[in-house]
Amino acid sequence: MTKTLFYGTGRRKSSIARVYLTTGKGKITVNGCDYNEYLCRGPLAMVVTQPLNAVDSLKSYDINAQVKGGGLTGQAGALRLGISRALGSINEDFRKELRSGGFLTRDSRRVERKKYGQPGARKRFQFSKR
């Protein structure tokens, strides 16, 4: 029996996730570690499994992912988008459910740049009238 491989790319902030999805027993591996061990926070692990729960296939597919760049929150968001895109390529019904759940929309928010004459993006130096 040959395993069918599905691929999805996810990006969030400065994180990039390459996700490979195969039929299996529900094992999720991120950079060679178990995803709970890698993300180390419960809410982040929940974010990663949201698309699988939406299509009721948590125990149907094995996921192998490589993630680089950014922090853990950005990496979890990138994984979610990558898993959603890979699931969407499997079945058109999955795609409709994921679209209605908002999992196929890329979160385009980025860190706002620091401006000159200010200590940060929005903060100003203290103003003194006298």
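We did not get these values from a lab; they are worked out from the coordinates using the rules stated. The structure presented is a predicted model; accordingly, all values stated were derived computationally and were not measured. A quick note on method: Cβ atoms are made from the backbone with ideal geometry, for glycine too, and the neighbour counts reach across all protein chains shown.
Brief remarks follow.
- Likely footprinting exposure, 122, 41, fewest C-beta neighbours within 10 Å first: 122, 41
- Mean Kyte hydropathy of -0.5 or more with a Cα span along the axis of at least 15 Å, helices from DSSP in the chain: 42-54, 72-90
- Normalising the average separation of contacting C-alpha pairs (under 8 angstrom, six or more residues apart) by the number of residues puts the relative contact order of region 5-101 at 42 percent.
- Cα-based reach from residue 68 at 28 Å (exclusive), listing lysines while leaving out same-chain residues under 8 positions away: 3, 13, 25, 27, 59, 114, 115
- Across the options 125, 55, 77, the greatest Cα extent toward the positive end of the charge dipole of the chain (unit charges at beta carbon of Lys, Arg, Asp, Glu) belongs to 125.
- Size descriptor for the chain, Kirkwood hydrodynamic radius: 15.9 Å (Cα pairs only, one decimal).
- Mean residue ellipticity, 222 nm, helices only, the chain: the sum of -39500 (n - 2.57) across DSSP H runs of n ≥ 4, divided by residue count and rounded to 500, is -11000 deg cm²/dmol.
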